[in-house]
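Encoded as structure tokens, the structure appears first; notes follow it.
Bear in mind these aren't lab numbers, they're just calculated from the coordinates by the rules spelled out. Please read these numbers as outputs of a predicted model, since none were measured by experiment. In this analysis, Cβ positions are derived from the backbone assuming ideal geometry, glycine residues included, and neighbour counts consider all displayed protein chains.
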Amino acid sequence: MPKIINHETRKRQILEQSLLIFAKKGFQNTNLSYIADVCKISRPTLYQYFKDKEQIFQFAIKHVTGDLFKEYKKISRDESLNYEGKLKAICRDVINKSYTNKPFIVSLVDFLFQMKRKGNDYSEEIKRRTVRLHYLFSVLINQGKRQGEFKDIPVAETVDQIFAMIESFAFQMVLLDSFVPENSAKLLELFVDSFTVEKS
């Protein structure tokens with residue numbers, strides 16, 4: 001009797017293995033043959049799931065951001081935290097998880113530069129992958145304003161500033177050996193403090 005293959009499970013397994021490979025070897029130094037060997041499948045089988053390593057990387061980004069968003073949605077629903085606490089917890093976790101997965105962040109920056117050289121701008125793709133987090137920050141700030149926790153600040157501009165800080169920290173993480181995640185997390189928390197109403 002032929003073995004039944006769950007294609008979604010296999011696709012996820014390929015993505016998970018590819019994430020480890022990209023983190024170890026970098027995007028530029030990874031090829032499909034190596035991915036197929038590590039996944040213990042033939043190259044033609046790999047082509048049934050992905051047409052090239054660019055597509056694998058795109059799906060890997062989708063996979064990572066999707067899993068992160070599920071975690072942050074749980075934090076946003078944590079009734080033991082106020083809106084300031086929820087916002088700070090998510091910001092801190094973004095920094096800490098990025099640092100823990102620094103090799104993948106390095107690969108991501110490598111991928112973006114390689115694509116840029118080929119004339120492919122993936123900035124909109126990255127923005128699309130983070131739009132749910134952008135929306136979640138907006139919801140938390142709006143709710144915090146309604147509850148009197150946050151000052152009357154422009155929400156869209158504030159969320160853009162948070163993202164700009166996170167992106168800046170990500171590039172520092174890649175380029176500077178002296179990068180300290182705790183310092184970056186504290187700076188984000190200080191920014192949240194700047195629009196938090198002081199408790200009397």
For Phe150, residues with placed amide H under 5 Å, excluding near neighbours: Lys145, Val197
Relative contact order for the chain: what is it in percent, counting Cα pairs under 8 Å that are at least 6 residues apart? 25 percent
For the chain, what is the charge dipole size about the Cα centre, in debye to the nearest 20, if Lys and Arg each add +1 at the Cβ and Asp and Glu each add -1 at the Cβ? 920 debye
Taking loop as defined by DSSP and a crowding limit of 15 other beta carbons within 10 Å, which trypsin sites (Lys or Arg not before Pro) in segment 98-200 fit? Lys118, Lys151, Lys199
5 Å is the cut-off here: which amide hydrogens, built 1.01 Å from N in the peptide plane, fall below it relative to Cys39, excluding neighbours closer than 5 in sequence? none
From zero outward in steps of 10 Å, how is the percent of C-alpha pairs of segment 120-173 spread across the bins? 23, 45, 25, 7, 0
Final fewest-first order of Lys88, Lys40 on the 10 Å Cβ neighbour count is Lys40, Lys88
What distance in nm separates the simple spin-label points at Glu125 and Glu157, each placed 7 Å from Cα in the Cβ direction? 3.3 nm
Report the gain in length on full extension from Arg12 to Ser168: 0.36 nm times residue separation, minus Cα-Cα distance, nm rounded to one decimal. 53.2 nm
Select from segment 136-200 those GluC sites (Glu not before Pro) which occupy a DSSP coil region and have at most 11 other Cβ atoms within 10 Å, ordered by residue number. Glu198
